[in-house]
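Written out below as structure tokens is the structure these notes cover.
Readers should treat all values here as calculations from the given coordinates under stated rules, not as data from a laboratory. Fair warning: this is a prediction, and the values are worked out from it, not measured in the lab. Neighbour counts are summed over all protein chains in view; Cβ atoms, including those assigned to glycine, are modelled from backbone coordinates with ideal geometry.
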Amino acid sequence: MSSKELVIDLVRRLPDEVSLRDIVREIEFVAGVREGLDSFDKEGGFTVEEARAKLDEWTAK
């Protein structure tokens, strides 16, 4: 499914009363998920230990 088709399908599923801001948020969310999945497909994931180390880096202040 192309990005355009994905967005059209997404918008059709939203309620009629949805705001433009909410539509943009939904599109950004889907785009982020697709980018993450593409990255995972290209680069692979990481181990639980690597995830813990990254989490420690992100939360350390």
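Assuming 0.36 nm per residue, please report the length gained on full extension of the stretch residue 2 to residue 52 beyond their Cα-Cα distance.
14.5 nm
Taking θ as phi - 60°, what are the ³J(HN,Hα) couplings along the range 2-14 by the Karplus curve (6.51, -1.76, 1.60), each to the nearest whole Hz, with x for Gly and Pro?
Listing the rounded values in order: 6, 4, 4, 5, 4, 5, 4, 4, 4, 5, 5, 7, 6 Hz.
In whole Hz, with x marking every Gly and Pro, tabulate ³J(HN,Hα) for the range 25-42 from phi via Karplus 6.51 cos²θ - 1.76 cosθ + 1.60, θ = phi - 60°.
4, 4, 5, 4, 4, 4, 4, x, 5, 5, 5, x, 5, 4, 4, 4, 4, 7
Find the percent of Cα-Cα distances in the range 3-59 that exceed 13 Å, and round it to a whole number.
Summing the P(r) tail past 13 Å for the range 3-59 gives 71 percent.
Under unit Cβ charges (Lys, Arg +1; Asp, Glu -1), what dipole magnitude, rounded to 20 debye, does the chain have relative to its Cα centre?
In total the dipole reaches around 120 debye.
Rounded to whole Hz and in sequence order, give me ³J(HN,Hα) for the range 53-59 from the Karplus expression 6.51 cos²θ - 1.76 cosθ + 1.60, θ = phi - 60°, writing x for Gly and Pro.
Result, rounded to whole Hz: 5, 5, 4, 4, 4, 5, 9.
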